[in-house]
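Novice: Questions regarding the structure given below will be posed in turn.
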Amino acid sequence: MPSSSTINTIGYPFIELDAVDSTNNYAFDKLQANLAAHGTAFFAHAQTAGKGQRGKVWNTEKGSNIILSVILDTSFISIHQQFLLSVAVALGTYDFYSKYADNETKIKWPNDIYWRDSKAGGILIESNIKTNSSGGKVWKWAVVGLGININQTNFPKHLVNPVSLKKITGKNYNPILLANELCDCLQKRFGELKKGSFKKQLKEYNSHLYKLHQPVRLKKKNVSFNCVIEGVNANGELMVSGASQESFVWGEVEWQLK
């Protein structure tokens, strides 16, 4: 029997799967069938239809990387404050990756993990929203999907700037052990969030922000422009200087990376 200290812990139970279409889809199916609850983690060795941000496909080599989805009870977070969870998850993932890849690890808005100018991993948070008895909307659950490059060294040519821990360090790792460690890091940051530490977390998130106070090139619709990244505010908006507007919501602009 599980102890009372593990029942509500992220990564318990930890369910290992050979192959699925998407760990996020699999987690949602189990959640809706009442076969999974807060903390449940689903790890897959292979994913045939992985999902990335903005409808993109997440490509990954079988058995080489972390393909993980965790279920979180988000009922304590307002539906209008979903960025709070994004910050906590990004910090947990940063904590994990930077332990191995050093302080050149960064968080690229909104929540990709970068090492120098290369993408090391991505985070996709999908929500389960319910209507309460008074007709209001409640953010009941979130399924957090994490794809982290660990041992893969050959990537599809259409990916512009991928990197993995093995390419950084030259070492091989056990993805399952690292996925469990990642769950521990997420648990720490999620626990902080539940205790009301969002302001502190947002400050830390910004301290690790990719290209902070540096010039970048962004694209809105069909127009590309230069600006300087000034940080991310509590609403999850990217703050910039030197552009025709001072902030952008997620999905409004694209990064123009080499």
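The values are calculated or read from the model by the stated rules, or taken from the named source; none is laboratory data. Please read all numbers here as calculations on a predicted model, not as lab measurements. Cβ atoms come from the backbone with ideal geometry, glycine included; neighbour counts cover every protein chain shown.
Novice: If PHE225 satisfies all but one of (1) in a helix (DSSP H, G or I); (2) not assigned by TED's automatic domain parsing to the domain that holds SER118, what's the number of the condition it fails?
Specialist: For PHE225, the failing item is (1).
Novice: Another one. What residue, of THR48, THR6, THR74, THR40, is over 21 Å from LYS119 (Cα atoms), modelled with pLDDT under 95 and not hydrophobic (A, V, I, L, M, F, W, C)?
Specialist: Going through THR48, THR6, THR74, THR40 in turn, just one is over 21 Å from LYS119 (Cα atoms), modelled with pLDDT under 95 and not hydrophobic (A, V, I, L, M, F, W, C): THR6.
Novice: Scan LYS106, LYS62, LYS119 and give me the residue that is more than 18 Å from ASP184 (Cα to Cα), touching a residue at least 60 places away in the same chain (Cβ under 8 Å), in the same structural domain as ILE15 (by TED's automatic domain parsing) and basic (Lys, Arg).
Specialist: Working: LYS62 fails: touching a residue at least 60 places away in the same chain (Cβ under 8 Å); LYS119 fails: touching a residue at least 60 places away in the same chain (Cβ under 8 Å).
After ruling out the rest, the residue left standing is LYS106.
Novice: All but one of (1) part of a strand (DSSP E or B); (2) at pLDDT below 95; (3) among the small types (Gly, Ala, Ser) hold for SER69; which doesn't?
Specialist: Just one mismatch for SER69, condition (2).
Novice: Hey, another quick one. Determine if segment 128-151 includes at least one residue that is part of a loop (DSSP other than H, G, I, E, B), at pLDDT 90 or above, over 21 Å from LEU257 (Cα atoms) and assigned by TED's automatic domain parsing to the domain that holds ALA101.
Specialist: Taking segment 128-151 first, the residues part of a loop (DSSP other than H, G, I, E, B) are 132-136, 149-151.
Next, from what is left, pick out any that are at pLDDT 90 or above: 149-151.
Applying the additional criterion that residues be over 21 Å from LEU257 (Cα atoms) yields 150-151.
From what is left, the residues that are assigned by TED's automatic domain parsing to the domain that holds ALA101 are 150-151.
Yes, there is a match, as at least one residue in segment 128-151 is part of a loop (DSSP other than H, G, I, E, B), at pLDDT 90 or above, over 21 Å from LEU257 (Cα atoms) and assigned by TED's automatic domain parsing to the domain that holds ALA101.
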